[in-house]
1. Answer yes if at least one residue in the stretch 150-157 is touching a residue at least 40 places away in the same chain (Cβ under 8 Å), surrounded by 13 or more Cβ atoms within 10 Å (Cβ to Cβ) and assigned to a helix (DSSP H, G or I), and no otherwise.
2. Can you pull out the residues in the stretch 109-132 that are over 19 Å from residue 13 (Cα atoms), out of contact with any strand residue (DSSP E or B) (no Cβ under 9 Å at 6 or more places or on another chain) and surrounded by 11 or more Cβ atoms within 10 Å (Cβ to Cβ)?
């Protein structure tokens with residue numbers, strides 16, 4: 001994860017995405033059910049934390065996810081309405097998550113924007129960085145966001161791999177999803 005736009009999110013250190021595919025369902029659009037984990041350190045506390053999501057991705061770019069935030073010590077899932085604003089399948093994707101949809105206005109009272117990269121950010125070339133930042137500025141301009149709003153992730157190669165424990169409710173959701181999909 002290259003960076004995040006969310007008020008008071010803190011600084012993410014060494015964020016890493018892991019995807020485990022549960023099943024693919026053919027249709028219009030096609031969908032893929034996955035377990036998606038983001039392991040990271042949250043500064044300034046330095047806590048090994050995690051986002052654990054049971055998500056359904058569609059080929060139309062939409063995702064619906066139940067999210068568990070270990071850092072927040074959530075007791076159950078928080079539904080996140082997620083969409084891929086941009087994806088190029090080689091360098092980056094821009095995700096939008098709405099944690100508090102405002103039905104009256106049709107907007108989101110608690111949006112998060114993430115830039116995910118295909119390689120760890122410290123391994124990106126300057127050309128990749130220029131492409132990512134230019135693309136983010138161009139794609140996000142209609143939403144009045146730019147790289148100036150982004151908190152970039154930081155990397156520390158001396159840290160041990162963050163491996164947060166999955167919440168019990170998340171494990172139950174994985175089992176249930178697998179049973180429903182006949183996996």
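1. No, every residue in the stretch 150-157 fails to be touching a residue at least 40 places away in the same chain (Cβ under 8 Å), surrounded by 13 or more Cβ atoms within 10 Å (Cβ to Cβ) and assigned to a helix (DSSP H, G or I).
2. 130
Residue-by-condition table, conditions (1) touching a helix residue (DSSP H, G or I) at 6+ places or on another chain (Cβ under 7 Å); (2) farther than 18 Å from residue 17 by Cβ; (3) at pLDDT 80 or above; (4) not in a helix (DSSP H, G or I):
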| residue | (1), (2), (3), (4) |
| --- | --- |
| 66 | yes, no, no, yes |
| 75 | no, yes, no, yes |
| 86 | yes, no, yes, yes |
| 90 | no, no, yes, yes |
| 95 | no, no, yes, yes |
| 122 | no, no, yes, no |
| 136 | yes, no, yes, no |
| 145 | no, yes, yes, yes |
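The values are calculated or read from the model by the stated rules, or taken from the named source; none is laboratory data. As the structure is a prediction and not an experimental result, all values here were calculated from the model. A quick note on method: Cβ atoms are made from the backbone with ideal geometry, for glycine too, and the neighbour counts reach across all protein chains shown.
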